[in-house]
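Each remark here refers to the structure printed beneath this line.
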Amino acid sequence: MFEKKREVRSALRGARAWLRGSRFGLLTLALIVGVGAGLGAVAFRYLVYAVTWLFTGQVEFGQDGWVTSSHLPWLGLSFYVVIPVIGGLLYGPLVYFFAREARGHGVPEVMVAVAVNGGRIRPQVAIVKAFASALTIGTGGSVGREGPIVQIGSAMASSLGQWLRMPEHRMRILVACGAAGGIAATFNAPITGVFFVVEIIIREISVDSLFAVMLSAMVADAVAIQFLGNSPFLADFPHGLALGTPKNYLLVAVLAVIAALIGIGFTKALYAIEDLCDRLWRGRPEWARPAVGGIFLGLLLLGVPQLFGVGYPVMFNAVAGDYSLWFLLILAAGKVLATSLTLGIGGSGGIFAPSLFIGLMTGTAFGIVADHLFGPAAGDPALYAAIGMAAVFSSATRAPLTSLASVVELTGDFTLTLPVMLTVGISTALSRGISYGTIYTTKLIRRGQDLDRAAPWRAFSDLTAKNTMRRLPSPTEIRTHDTPDRASDPDVPLPGTFVVSRTPQSVFETEPLPDVLRQLEAYPHTGLPVLSEDATTILGWVSTHSIVASVARELTARSGDSVRSAAPSSNLRGFHVLEVSISAESDDVGRTLGSLTWPRGHIPVSVARGGQLGEADPSMILVTGDHINVLAPG
């Protein structure tokens, strides 16, 4: 029985090691994360619908104007003021006491987790974010679903990675898979999910990482389709929109400039209102802030009910021509204010949908003006609605590929590709020229975390002990008991003079570079043996010299930063590191290190000369005073 349990534990350890260290293990985890993100996106959408229905009697609310709740008819129109207060009383304490990082739009927190925290997100964030965002949206919060699902998918992936004790560089990829899967499943837009991660979340990616993210996005979308259908997310959006004559590209360029300025203004308004809310609420309990702020949000919703919740049905009404020019402008300005106020008072939700809402209203209004000025030759106003969506989002986020893919995939109309390409190029360039941070990074800059400036250094977090070690001539197996194969050969003496024997500290091959450097600082004399992930084999030897050489190679292409990992280290039992001195009387002076004969199982790993520790280069010519560090059994 005991033997069987030991075999099971050994198999589990082997499976974990395979998932942590192999390429196909990473792809397997990406597939698992994709399934989880797809199911999570479906569950979250229905959770939002359920909360909205519970309070309003409808799964989507606000598109019909001043309509009261069928579940709370006795409240009358005061419903619009009372419901946000009730929602605040529910999600305010939930966020404050259980996961404060669930407040806000969520994406910046995932960006920090990837760039600074090694992909680690607390497991409870997924649950708290889901319920807090559903309560915010269902009780009138004018925010979107994409920020929450990004954070939910990422937190689920991070929890899996932490359970498996993934190394940091793989944990970040796993978190990116969760984010991509969440976006793909929510909007039936897998390409958008991949671009969102590449441009906004991880912002630098290898081919293997890209394939893992793509696999996760594809699987998540395939899972969600089984529950939500395969129609484009904005299926009611007009199709086959033609730009008409090439001269209309001038109108596209003009709209791109206008919408880009609005996108920049949206960012500034968002944080200006957040600052105002912070000043007004300073010194008061944060858990009560959403409830008190809900009064002001409710008054705004009472004035413009179409700002209730995410607002996709209102967007369809706009492109259908149900609203006048002046009301489209009111909706655009009102959404800026409502979204900013929702997040400023402590609500939880995304800014992707509000950006699309603002852009659509702006573009539709522009299209109506163009139609009045130039007639039918200017094109359908719905065309400019799509262009406005892309322009505002790309200006706010500076993610042109994500903006392009999102508009094309969400509408399902690939005839929009060329005008949208021009739009996102102009709006992104203008945004970069006028302002510094994006709507996501500005939140972090205000905390003192500038990911744009830190980005060139993040690639070092990909370096591990395996990347920076010098490989042994052949891997050495670790045995629990001495055997003749590993025992010292008494007939072959040590070259030089024996000085001292030490018990070496070891590191695992997946440990990130900062952890290896900390170990080297604590044990500076000889370097460290590098163990395989399953701790059965010594693969190589890492020293300050080998790290410097690896860093120099890495700097030719990129640089990076990382934080401490939870990966363990341990003493290496059954081995010692011997220090052998080459004295003036030694016959080995003048010989190369590789020409020396050593006892069986003894491997030169480093050489100290003049106080400097270097690699055990076989071509090194030995001189008086050299100290050779030898990994020896026993």
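The values are calculated or read from the model by the stated rules, or taken from the named source; none is laboratory data. Keep in mind that this is a model prediction, so the values were computed, not measured. In this analysis, Cβ positions are derived from the backbone assuming ideal geometry, glycine residues included, and neighbour counts consider all displayed protein chains. Please note that ligands, DNA and RNA were not included when accessible areas were found on the heavy atoms of the full protein model with its side chains. Shrake-Rupley method; radii C 1.70, N 1.55, O 1.52, S 1.80 Å.
Summary of computed values
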{"read-out": "Accessible area per residue in Å² at 1.4 Å probe, computed on segment 575-633", "value": "42 Å²"}
{"read-out": "Charge tally in the Cβ shell below 15 Å around GLY240, where Lys, Arg are +1 and Asp, Glu are -1, GLY240 excluded", "value": "-3"}
{"read-out": "Relative contact order %, the chain, counting alpha carbon pairs below 8 Å whose residues are six or more apart", "value": "15 percent"}
{"read-out": "Estimated FRET transfer efficiency when R0 is 60 angstrom, pair TYR46-ASP587 (beta carbons, to 0.05)", "value": "0.15"}
{"read-out": "With every protein chain in place, segment 319-451: carbon and sulfur % of accessible area (1.4 Å)", "value": "71 percent"}
{"read-out": "Extended-chain gain in nm, criterion 0.36 nm per residue less alpha-carbon gap, GLU204 and LEU77", "value": "40.7 nm"}
{"read-out": "Approximate shape of segment 575-633 as ellipsoid semi-axes (Cα gyration tensor, √5λ), whole Å, largest first", "value": "17, 13, 11"}
{"read-out": "Expected 222 nm ellipticity per residue - DSSP helices of 4 or more, -39500 (n - 2.57), all of the chain, to 500", "value": "-18000 deg cm²/dmol"}
{"read-out": "FRET efficiency for HIS239 and TYR436, using Cβ-Cβ distance with R0 set to 45 Å, rounded to 0.05", "value": "0.75"}
{"read-out": "Of all accessible heavy-atom area on segment 165-230, the percent that carbon and sulfur account for (1.4 Å)", "value": "65 percent"}
{"read-out": "Accessible area, probe 1.4 Å, largest first, for residues LEU251, LEU301", "value": "LEU251, LEU301"}
{"read-out": "Identified option (computed P(r) over Cα pairs in 10 Å bins from 0, in percent; candidates (i) 3, 15, 22, 20, 14, 10, 8, 5, 2, 0, 0; (ii) 3, 14, 22, 22, 18, 12, 7, 3, 0, 0; (iii) 3, 17, 29, 28, 17, 5, 0, 0)", "value": "(i)"}
{"read-out": "Label point distance in nm, GLU521-ALA272, each placed 7 Å from Cα along Cα→Cβ", "value": "4.5 nm"}
{"read-out": "Estimated FRET transfer efficiency (LEU302, LEU54; beta-carbon r; R0 25 Å; 0.05)", "value": "0.80"}
{"read-out": "Added length on full extension, which subtracts the Cα-Cα distance from 0.36 nm per residue, PHE227 to ASP371", "value": "47.8 nm"}
{"read-out": "Highest-first arrangement of 41-47, 602-608, where packing means the average Cβ count within 10 Å", "value": "602-608, 41-47"}
{"read-out": "Paramagnetic label zone (point 7 Å from Cα along Cα-to-C-beta, LEU27; backbone N under 13 Å) in segment 200-214", "value": "208-214"}
{"read-out": "Nearest-ten-degree value, helix 207-228 long axis tilted from longest Cα axis of the chain", "value": "40 degrees"}
{"read-out": "Neighbour-limited loop hits for trypsin sites (Lys or Arg not before Pro), segment 239-314 (at most 10 other Cβ within 10 Å; DSSP other than H, G, I, E, B)", "value": "ARG282"}
{"read-out": "Cα-based helix-to-principal-axis angle, 381-397 vs the chain, degrees rounded to 10", "value": "40 degrees"}
{"read-out": "Over 30 Å between alpha carbons, listed pairs LYS129/LYS268; LYS335/LYS443; LYS129/LYS466", "value": "LYS129/LYS466"}
{"read-out": "Spacing of the two label points (7 Å from each Cα toward its C-beta) at ASP64 and TRP326, in nm", "value": "2.7 nm"}
